[in-house]
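Notes follow once the structure below has been shown.
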Amino acid sequence: MFADFKLSCVLFDLDGTLIDTAPDLFACLNKSLVQHGYDPATIDEIKPSISHGAVVLVDKLLQQSANTETKALIVETMMDIYLNNIAEHSVFFEGMAETLEVIEAQGLKWGVVTNKRERYTNPLMSALNLTERAACIISGDTTGNPKPHVEPMLAACKIAHVNPEECFYIGDASHDIEAGKNAQMKTLVALYGYIKDDDRPETWGADALIASPLELTALINSLL
């Protein structure tokens, strides 16, 4: 599978792959729901939809109990609150800090390609002291098209000065794997991320399924 593969860069999806952002998004969503007269959600209700963005998250949560206009107001309020509380509870997934240290110690590059908008990505990366460490940070509105389009993937490689064929891309949603494959990258599914109950990641066509950051570290070490 990885025979003769030269690894130069590891690219990460952000929410649900590099960083566990669910606690902050959960807190901000519930503040918005209560503000608009709805009952708070549970973490299990929202976690599977986080990787698909706030609009999808609120739509799936409320379904027929709110109209489109109300859902849009809830999303707007949620994201305003989130912008001012972007890293209160967000942390690395267990073992991910060590993964980044191994990548850097081996002289490899790493970066982020997310569909999160720049106005949220950049403050989050800064708050976690990751901006200067990352070789590239590409958000959903950095280029003309978000994932699964190939454009953000190629933009990341251009900024990081790496070839797509020498990259891992790891994410927790099918559009992550599709995007990486479109760019001819090796793709990895973050099974520890925000996988929905009805997802079948084994059918997404990824090169490997990764159960934990520790497993990702072992894979990287095996290639060096």
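Just so it is clear, none of the values below were taken in a lab; they were calculated from the coordinates. The model shown is predicted, which means the values in this text are computed figures rather than measured ones. So basically every Cβ, Gly included, is an ideal-geometry build from the backbone, and we count neighbours across all protein chains shown.
What FRET efficiency would be calculated for the residue pair Ile159, His89, taking the C-beta separation as r and a Förster radius of 41 Å, to the nearest 0.05?
0.90
Please rank Asp198, Asp59, fewest neighbouring Cβ atoms within 10 Å first, as an exposure proxy.
Going from sparsest to densest Cβ surroundings: Asp198, Asp59.
Once both axes come from the Cα atoms, what is the angle between helix 96-105 and the longest principal axis of the chain, in degrees from 0 to 90, rounded to 10?
The answer is roughly 30 degrees.
Just to check, using Stokes-Einstein with a Kirkwood Rh over alpha carbon pairs, what's the diffusion coefficient of region 22-83 at 20 °C and 1.002 mPa s in µm²/s?
192 µm²/s
Do any of Lys71/Lys181; Lys31/Lys158; Lys116/Lys181 go past 28 Å between their Cα atoms, and which?
Exceeds cut-off: Lys71/Lys181; Lys31/Lys158.
If each residue's Cβ is checked for other Cβ atoms within 10 Å, how do Val10, Val34, Val102, Val113 rank with the fewest at the top?
The most exposed by this proxy come first: Val34, Val102, Val10, Val113.
Could you work out how far helix 68-83 tilts from the main Cα principal axis of the chain, as a 0 to 90 degree angle to the nearest 10?
60 degrees
Of Ile19, Ile138, how do they rank once you tally other Cβ atoms within 10 Å and put the fewest first?
Least to most surrounded, the residues fall as Ile19, Ile138.
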